[in-house]
Every structure is written in C-alpha cells, then in structure tokens.
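These notes are about the structure you will find just below.
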C-alpha cells in the first residue's frame with residue numbers, strides 16, 4: 001500500500017546542514033537530517049546570528065546568576081539574555097503551522113539537552129540544576145507539547161522513530177483540518193487507534209468523546225480542542241508496556257491464521273523489543289506481513305503500520321540515549 005505522507009514543517013537550527021554559522025564558522029553535516037530534507041519543509045534559524053553576532057564570534061556561555069540563567073559573552077562582557085529573549089518570542093510567534101523542532105545539541109542558545117550552565121561568568125564549575133536556555137525555553141512556552149529533538153538524540157533509533165511518528169501524524173492532522181469535516185476527523189481517529197494506545201488510552205478515549213460531541217455549529221471548536229488533546233497525548237512519554245499492549249491488540253487479529261511457530265516467533269521478538277534491543281519498526285514489519293497475507297484492511301489502514309516514509313527507517317543507533 002502506497003501511503004501519502006504530508007510534509008511536516010520543522011524549525012531547525014541553521015548550523016545543521018544549512019549554513020556555516022556556528023561560533024567558529026563551522027557547519028554540522030548530519031546524514032540523517034540530509035535524508036529527512038526530502039520529506040519535510042525545513043525552516044532554518046540561527047538565533048545567535050539573528051541578534052547580530054558575527055561569524056566567527058567569541059563563544060557564549062550560560063551562567064546561573066541569582067537562580068536565573070543568563071546568556072553571556074564573557075569576552076565582550078555582554079549580557080545577551082534580553083536580546084535573545086525578544087528575538088525568540090518575535091520569531092516563534094510569527095511561525096504558522098509548525099509540526100516540530102530539531103535543535104543543535106549543547107548550543108547555549110537553543111540546545112535542549114547537555115547544555116553547560118556555569119556558576120560564574122569566569123568559572124569552570126558547571127551547575128546542573130538549572131535548565132532554562134533561552135530559545136528552547138520560549139519554544140516550550142509558545143509551542144508547549146510539540147515534538148522537539150536535537151541532532152544527537154535523533155541518532156538513537158527509539159527517539160528517532162518516535163519523533164518521526166509524531167511529526168508525520170501532526171502534519172496529516174494539519175492537512176485534514178483544512179476541510180473541517182467531521183468525517184475526515186473520524187477517519188483520522190479510527191486509523192490512529194493503535195498508535196494513540198502507545199501514548200495514552202485515557203486521552204484516546206477523550207478524543208472519541210470529542211468527536212461524539214459534534215454538531216454542525218461546533219466543528220471549529222471540535223477541531224481546535226481535538227488538536228490540543230492530540231498534542232497532549234504525544235507529550236506523554238512512551239512506556240514499553242503500553243507499546244507492547246498495543247502491538248498485542250493487533251496480534252489478536254491473527255490468532256486464528258498464524259501457525260504455532262509464527263506465534264512463538266512473535267512472542268520472542270516482543271521479548272527482545274521489551275529490552276529496547278530492536279526498533280519498533282522491526283516488530284511492526286511482522287504484523288504488516290500478516291495483515292497483507294490475510295487482507296486485514298482495517299489493520300492495513302492503521303497509521304502504526306506506516307507511521308512515516310519507509311525511506312527514513314534506519315537500524316543504526318548510538319546506544320547512548322535509551323533513557324528519555
């Protein structure tokens with residue numbers, strides 16, 4: 001089955017494959033993000049260049065001052081916090097139809113993890129208790145619950161597949177929301193049943209309740225509320241027991257057509273998956289094969305069997321970021 005994938009709109013740090021705008025004049029070349037280029041609409045931004053810092057430039061540093069994280073440039077004795085804050089808010093509020101973010105790892109302006117925060121401007125002591133770096137902080141405030149990753153975390157197959165699944169699902173919702181038809185939203189909900197079970201069964205039930213409240217006068221309200229709850233659903237951390245529960249629900253459709261050996265093989269595969277030793281796509285491929293064999297149209301329509309373009313499936317993994 002050839003599924004149509006709508007292109008997600010992704011805000012990305014400009015130094016990732018786009019421009020030599022890092023503090024030392026470098027650009028980060030990332031093969032996966034190059035491959036992703038064909039399937040998404042990138043919106044590149046470099047917050048540091050945007051506030052008129054030169055390339056190359058002296059390094060910036062995040063410093064904890066009176067329990068507040070400030071963005072400083074020690075060489076010029078400049079505090080750039082307010083300027084960066086103003087730019088971030090203005091830039092982010094101008095964006096429309098955003099589906100996710102890919103930020104530069106460890107960047108003092110827009111990093112989301114592993115960013116060094118110092119106790120003093122001239123100190124080498126790192127304070128790990130504070131984590132409100134400027135650009136990311138404003139993303140969280142303005143685009144709360146949206147998918148956000150950095151290029152290093154996307155080297156982990158678990159995080160990569162989860163990020164891709166979210167952004168392509170949100171892009172499809174954005175596309176159907178143009179019609180504002182209840183039938184389109186109902187179909188979207190039905191085919192995402194087992195995907196949504198990965199995250200939250202309670203919110204999945206709530207989404208059905210939202211649909212049930214439909215009348216001709218409140219369709220705009222329904223789409224808006226549904227979207228907010230969809231973001232909330234994706235903001236739930238995936239748990240392996242939730243994911244296995246959902247996969248077992250699909251497996252149930254084949255209980256009468258699978259041989260004893262096939263069932264044993266699937267159970268063994270789930271045991272390996274439970275330890276995060278293989279990606280979700282490896283388990284999905286087994287279920288998809290059976291669905292094609294048995295012509296299970298309802299299962300074949302499920303997003304979880306084709307959550308993102310197959311060209312983006314990679315088994316490579318850093319093995320360093322299995323804990324969210």
(request) Mind listing whichever residues of region 1-22 are part of a loop (DSSP other than H, G, I, E, B), touching a helix residue (DSSP H, G or I) at 6+ places or on another chain (Cβ under 6 Å) and more than 30 Å from residue 188 (Cβ to Cβ)? (result) 17, 21
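Given the structure, is residue 146 touching a strand residue (DSSP E or B) at 6+ places or on another chain (Cβ under 7 Å), over 24 Å from residue 278 (Cβ atoms) and part of a loop (DSSP other than H, G, I, E, B)? Give the derivation first.
On the way: touching a strand residue (DSSP E or B) at 6+ places or on another chain (Cβ under 7 Å): yes; over 24 Å from residue 278 (Cβ atoms): yes; part of a loop (DSSP other than H, G, I, E, B): yes.
Criteria met by residue 146.
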(request) Hey, can you tell me all the residues within region 7-38 that are surrounded by fewer than 19 Cβ atoms within 10 Å (Cβ to Cβ), within 24 Å of residue 308 (Cβ to Cβ) and out of contact with any strand residue (DSSP E or B) (no Cβ under 7 Å at 6 or more places or on another chain)? (result) 29, 31, 32, 34, 35, 37, 38
(request) Being at pLDDT below 95 and at positive phi is the filter here, so list the residues in region 2-59 that pass it. (result) 25, 52
(message) Take the residues in region 216-244 that are within 26 Å of residue 282 (Cβ to Cβ) and without any contact (Cβ under 8 Å) to a residue 24 or more places away in the chain; name whichever of them is surrounded by the fewest Cβ atoms within 10 Å (Cβ to Cβ).
(response) 241
(message) Here is a check on your reading of the model: is residue 251 crowded, with 17+ Cβ neighbours inside 10 Å and closer than 16 Å to residue 293 by Cα?
(response) yes
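The values are calculated or read from the model by the stated rules, or taken from the named source; none is laboratory data. Everything quoted here is computed from the prediction, not taken from an experiment. All Cβ positions, glycine included, derive from the backbone under ideal geometry; neighbour counts span all protein chains shown.
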